[in-house]
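This report refers to the structure that appears directly beneath it.
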Amino acid sequence: MGTTLAFLLSGTLLAATPLLLAAIGELIVERSGILNLSIEGMMALGAVVGFATIMATGSHWLALGAGGTAGVALSVLFAGVVLLALGNQVATGIAVGILGLGLSGLIGKSYEGMTVAPMKRMPIPVLSEIPIIGPGLFNHSLLVYLAPLLAVGLWWMLRSTRIGLVIRAVGESPESAHAIGYSVLMTRFLAIMVGGFMAGLAGAFIATVSATLWSDGLIAGRGWIVVALVVFATWRVDRLVIGAYLFGLATIAELLVQGMGISVPSQLLTSIPYIATIIAISILSMDSRKMRLNSPASLGRTYNSTA
Amino acid sequence: MGIAAMAACRPEPIDAGPPLLDLGGVTKAFQTVVANRDVSLTIRPGEIHAVLGENGAGKSTLMKMIYGVFPPDAGEMRWNGETIMLTSPAQARKLGIGMVFQHFSLFESLTVAENISLTVPDSMARLTDRIREIGQRFSLPVNPDSLVHSLSVGERQRVEIIRCLLQEPRLIIMDEPTSVLPPSGIPALFETIGELAAQGCAVLFISHKLEEIRSLCHSATVMRSGEVVATVDPRRASASELAHLMIGREIPHPKRSAPRPGQDPVLELSRLSQPSDDPFGVGLHDLDLRLYSGEIVGIAGISGNGQKELAALLSGEMLLDRRRRDLVRVSGSACGDMDAGRRRRLGLAFVPEDRNGRGSVPEMTLAENALLTGHAQGMVRRGLIERSRMRAFAETCIREMGVRCTGPEAEARSLSGGNLQKFIMGREIRLKPQVLVVAQPTWGVDVGAAALIRQQLIDLRDSGVGILVISEELDELFEVSDRIHVLFRGRLSEALDRSAATVSAIGDYMTGGFLSRDATETRIRA
Amino acid sequence: MIRLPWIAEPRIGRTGPRALLAPLIAVVTTVAAAVILMSSQGVAPSRAIWQLYIAPLSSLYNLSEVLLKMAPLLIIAQGLAIGFRAKVWNIGAEGQLLLGAIGGSLLPLWFNDSVNPMMLPAMALCGMLFGMGWAALAAFLRTRFNANEILVTLMLNSIALQLLYYLVSGPLRDPYGFNFPQSAPFPPVAMLPSLFGMGRTNVSIIVALLATVAAWIFAERSMTGYKLQVGGVAPDAARYAGFREKRAVWLSLCIGGAAAGLAGVFEVGGPLGQLQRVVSPGYGFAAIIVAFLGGLNAIGILFAAFFMAVIYVGGDMAQASAGVPYAVNTSLQGVLLVSYIAARLFIDYRVRWRRDITQQGVN
């Protein structure tokens, strides 16, 4: 029982970390008023580029950095089309996402089915000695600890810093932000690039830290769950963290139920995260007044920053 | 102290040295329209300078150029004698130019202090103190920690002014600042402006209200169709002289006769309360209203007191649940849960305040926009659109209302505000309604079109239609209404008869004067 | 503050033939990208262009393959475009297609020795209902719970795929199929008749063309189509006019779902002849691209679907002959849509250099 619980905790953390990383990025992007639906593609590209990097260099950190950079590259394309060519955000997100998935399949062809060594763990002294909780929560690679800290940093940034204030202002009304002299274009461009980096990083984390392998379709809809997470969190960082760990739990529920020896079709288990997403969004969105209160007012609307 | 008396004791601006701002031959065009042509203007330190002109005269364009929102196509701007080329509002602010917008550029989801910190770099704690301090000095009380969406329009204006003052400007541009104030709030604003000028700050005061300009300003630049037609001392000109300069002829007034209201109400609200859908909106409380055929009832009030919500509840854009459907009645039928289409079939027509995107689809042609509400007028057969009938309907609207456009195939967004409003009015009138609800009928419309629209309303009343006019322009309501209600914080006053409705009576109601004593505690100090 | 050196002003008035420019730019960009991507896989540029864009049209058999793939793309895209014009984002056509395939398979599997000529129409109806029902889930959640339809339809895609896997490996598996995850083959009455005896093309293309005509009438001439469009362009105007938003959501999703469901029946009753794990090579997603590339216009979509089908067949042929991975195809689809959206800038806006405007002044 103890080892199951430890496995449960550690598995949840490991599954939740990439979701949280990418969702932190997407939250920043959406707070600036842009809906980026290409997270899935950015994660896939980040994953394969990260995997290719680790095959070449053997360094996990280089792999994570390269994955993030790949995400940034794709996000620049997205930002260009949405901000400069004034493209519809939904359509552009889907298009860039498809491109990212395609490119990841192309790059990943020669790595199909290969595996890499897992990343070095950094057990936290003393805490990792506690039974059950120790191996469950405090014996992970650095990024697993870093992700919630980044979320706290994001919360602080949005609440108390000037840049956070500007992002919120631009997301509520780009017209007013422009009128008082802020560059909507620059703010959004940077936000999108940060979002791209985080998505790419999250993808690289999956390929090189949690799954330690590459196969086409590795991301398996997690990019979309990230988008759903931000809705689930009603654009608030505290709920984003809670949501990420809940979804992390849902994604490993498959392994858990199988482990308990209950006879359920495996396809149903695989569907659990998707079904959970639908239910969660439905419950959270029910109060449309509250959704409108929390959602960035300009989200998804094309703003002509050239005029 | 009365407004007129204040002007007398105002110090004259400083005459020595170069003018603070000097514009020469400034021109700006948008696509096909020339918004400003060869505009020249001079302001000295400590001067309160009016820019006077009717809607569409080019005042806003001029102000936005001075504030650096966009550059002029031609012409020169000198600041303290030096030629400047403004490329952004930030640069204008650095020079010492501040602006108080008519449509505020405040962020609803941020606090007052957060809003101000976006333009005034300082620590949040110090900024909070400075906001309180400057609020006291210029009698502009506001709580720095309030979220902007919880503030009244008057309070928001104070925030805009404080934001401006914290940047220690040498020139403040104020775009129609009195349009969001009750009559009783205007002297306090003028007091603040007077103090500013006395301390050497120049003020550009944009308005189309002649009396205000005559009592407040040292000089006035009058604009018409994008050009300067005169620069005058408004204290020495009469209101009718200014009016003549502004529109080039006498202000037309509609002709009206005594109303002949019918026996039964055509529109009825009974003790209606409803929270707003919009988290930043205003809830309505206990509204009682009766509109009879053959009369015009006006709803006065300062913007943001529930006008939007009232209009949406009447039109059917906001619905009551089925249990409370009989709180709204059109021609006797309970219809609180009916959408706009079904209410239209009961004989209710509605002209909304937003012409673009609500009253019309900007990207569609006028013919297609005729279909929007006119589809039941024989334009659809077996589910398919009869295009020739649709076009004919649009053509009739265009002809009868004198809409200036290239024809029924013109896109709605290619029309000026006044012409589009005439088209929408014409379309709704042609539906032959029993009740017509009109929100802000002449908002942003030029004087000629406004007069035509008001005359149409009166003629329609005389033909037996019951008309409800929701307007923030008191002058307009006095001109057309037979009875006037006032909306304040989502509550409706009893109706004042035309004869009893004076500026002071309505003005008192606009700040909650009609409420009982315990409710009065929530009155705003204007 | 950074100011872009150009300005983009919305174009007012009809765009006319200029609108063709965007798909043209997109196609040229895609061909260029194809050359680059194929070169990276060791295919010479001339050979790449031949394989992807000319070979599919070079023989009657290949052409019939193009038409075979065009039919599902066309019919799904027509259905989706109706929703997209109303800004109802149904991204779940892939899942709705799978449900259609499942629904269409039930009858021929239950009545495996049937010779009833009504089999095909009944399959089509059943498949459409299944696709529609799957999409209706999203419509229900959107109208009742305000749940974002993009996310719901996407999640439903993944669930539909798992449902298909479950069925073909369990309840619908062919009992004599050596445990392969696939159903029994369909009886001949359940197979779509082929056209002109040429290749594998079947009546599905005729049905898709009829659907195109219907879509055109619906969008351009019907009051319901007009209502949906107003809801998409100006939701406040739709509410003002009294066009019900919920109705638009239901209608958009149901039409899209039914179209995708029918496409699913085309697959199992056409080239596949049975239900199996792989029913669609991503038609549901490709159709989204087709709908946009066609400018959400029924006629435009006709040409877009043809082009997309060419890419599909070319990609298949390149894969077979030169071992080019399928991912090239996916990438090119992405390039096609990205470049199309970017090129729309010049259709919807008038773009001018700031410098030129200042020099021009006002005349």
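Taking only Cα atoms, what is the 0 to 90° angle, nearest 10, from helix A:222-232's long axis to the longest principal axis of chain A?
60 degrees
Report, in degrees rounded to the nearest 10, the 0 to 90 angle that the Cα long axis of helix C:149-169 makes with the longest principal axis of chain C.
Value to nearest ten degrees: 20.
Two decimals is fine: what's Rg over Rh for segment A:2-294, C-alpha atoms, Kirkwood radius as Rh?
A ratio of 0.98.
Could you size up the charge dipole of the protein assembly as shown around its Cα centre, putting +1 on the beta carbon of Lys and Arg and -1 on that of Asp and Glu, and report it in debye to the nearest 20?
Once rounded to the nearest 20, the dipole reads 1220 debye.
How are the Cα pair distances of segment B:230-300 distributed, in percent, across 10 Å bins from 0?
Spelled out bin by bin, segment B:230-300 gives 14, 23, 18, 21, 22, 2 percent.
Using a ≥ b ≥ c from the Cα gyration tensor of segment B:127-188 (square roots of the eigenvalues), is it rounded, prolate or oblate, where a/c under 1.5 gives rounded and otherwise the larger of a/b and b/c decides, a/b for prolate?
oblate
Accessible area of the protein assembly as shown with a 1.4 Å probe: how many percent of it is carbon plus sulfur?
60 percent
Mind checking the dipole of segment B:167-224: about its Cα centre, +1 per Lys or Arg Cβ, -1 per Asp or Glu Cβ, Debye to the nearest 20?
220 debye
Quick check: net charge around B:G359, other residues with Cβ under 13 Å of its Cβ, Lys/Arg +1 and Asp/Glu -1?
After counting each charged neighbour, the total is +1.
Give, in whole angstrom and from largest to smallest, the semi-axes √(5λ) of the equivalent ellipsoid of the protein assembly as shown, with λ running over the eigenvalues of the Cα gyration tensor.
Whole-Å semi-axes of the equivalent ellipsoid: 57, 36, 30.
How would segment B:239-361 be classified by its alpha-carbon gyration tensor: rounded, prolate or oblate, with rounded meaning a/c under 1.5 and the a/b versus b/c comparison settling the rest?
Because a/c hits 1.5 or more and a/b exceeds b/c, segment B:239-361 counts as prolate.
So if I take the centroid of the Cα atoms in segment C:148-208 and the same for segment A:226-244, what is the distance between those two points in Å?
Between the Cα centre of segment C:148-208 and that of segment A:226-244, the gap is 36 Å.
Using the beta-carbon distance between B:D233 and B:S303 and R0 = 45 Å, what value does 1/(1 + (r/R0)^6) give for FRET efficiency, to the nearest 0.05?
With a Förster radius of 45 Å, E is 0.90.
Mean projection of the alpha-carbon convex hull of chain B over all orientations, in nm²?
In nm², the orientation-averaged hull projection of chain B is 25.4.
Once amide H atoms are built 1.01 Å from N in the peptide plane, which residues 5 or more positions from B:L267, or in another chain, come under 5 Å H to H?
Sorted by chain and number, the residues that satisfy this are B:L291, B:S331.
Beyond a 24 Å Cα-Cα separation, which of these cross-linked pairs lie in this structure: B:K255/B:K308; B:K64/C:K87; B:K64/B:K94?
B:K255/B:K308; B:K64/C:K87
In what order, largest first, do B:R163, B:R358, C:R3 sit by accessible area if the probe radius is 1.4 Å?
C:R3, B:R358, B:R163
With every protein chain present, what is the per residue accessible area of the protein assembly as shown (1.4 Å probe, Å²)?
38 Å²
Can you give the net charge of the other residues whose Cβ lies under 15 Å from the Cβ of C:L68, counting K and R as +1 and D and E as -1?
Neighbour charge sum, excluding C:L68 itself: -1.
Report the net charge of residues surrounding B:L371, where surrounding means a beta-carbon distance below 11 angstrom and charges are Lys +1, Arg +1, Asp -1, Glu -1.
+3
What angle do you read, to the nearest 10 degrees and between 0 and 90, between the alpha-carbon axis of helix C:283-293 and the longest principal axis of chain C?
On a 0 to 90 degree scale, this one is about 30.
Run the dipole for segment C:68-322 about the Cα centre, Lys and Arg Cβ at +1, Asp and Glu Cβ at -1, nothing else charged, and hand back the magnitude in debye, nearest 20.
Dipole magnitude for segment C:68-322 comes out near 640 debye.
Using the Cα gyration tensor of segment C:68-322, with a ≥ b ≥ c the square roots of its eigenvalues, what is the shape: rounded (a/c below 1.5), prolate (a/b larger than b/c) or oblate (neither)?
The shape class here is prolate.
The values are calculated or read from the model by the stated rules, or taken from the named source; none is laboratory data. Small disclaimer: the values here were computed from a predicted structure and weren't measured. We place every Cβ from the backbone using ideal geometry, glycine too, and count neighbours over all the protein chains shown. The protein model used for the area step is the full one, side chains on, heavy atoms only, and it has no ligands, DNA or RNA in it. Shrake-Rupley method; radii C 1.70, N 1.55, O 1.52, S 1.80 Å.
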